[in-house]
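The values are calculated or read from the model by the stated rules, or taken from the named source; none is laboratory data. This is a predicted model, so every value here is computed, not measured. Reconstructed Cβ throughout: ideal geometry from the backbone, glycine too, with neighbour counts over all protein chains shown. Quick note on the areas: whole protein, heavy atoms, side chains included, nothing else; ligands and nucleic acids left out. Shrake-Rupley method; radii C 1.70, N 1.55, O 1.52, S 1.80 Å.
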Amino acid sequence: MDFFWELWEHHRGKLIGAIIGFGIGLLILVFGVIKAIFLVFCAFLGYYIGKHIDKKEGLRDILDKILPPGR
């Protein structure tokens, strides 16, 4: 168990990058390129909205940042 934490402290970015790369590769193999891109986009959009909700911003403020203003 000590080995894992030492590896995590010295190579955190490499481990996270490898896990994300593996996950995206698996998505492409299972769903295809277009569906995988759509899935990653939806996950990113959910993360973005969740991050702003954690900051106590309202849904209208979040949508104003994402979408262009109306007439």
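Any idea which residue in the stretch 22-71 is nearest to the chain's Cα centre (by Cα), counting only those that are small (Gly, Ala, Ser), at pLDDT 85 or above and part of a helix (DSSP H, G or I)? Filtering the stretch 22-71 for residues that are small (Gly, Ala, Ser), at pLDDT 85 or above and part of a helix (DSSP H, G or I), the one nearest to the chain's Cα centre (by Cα) comes out as ALA43. For GLU57, the stated conditions hold: it is acidic (Asp, Glu) and open to solvent by less than 100 Å² (accessible area, probe 1.4 Å).
Checking PHE4, PHE38, PHE31 one by one, the residue that is exposed (fewer than 11 other Cβ atoms within 10 Å of the Cβ), without any contact (Cβ under 8 Å) to a residue 40 or more places away in the chain and of a type in the set (Phe, Trp, Tyr) is PHE4 and no other.
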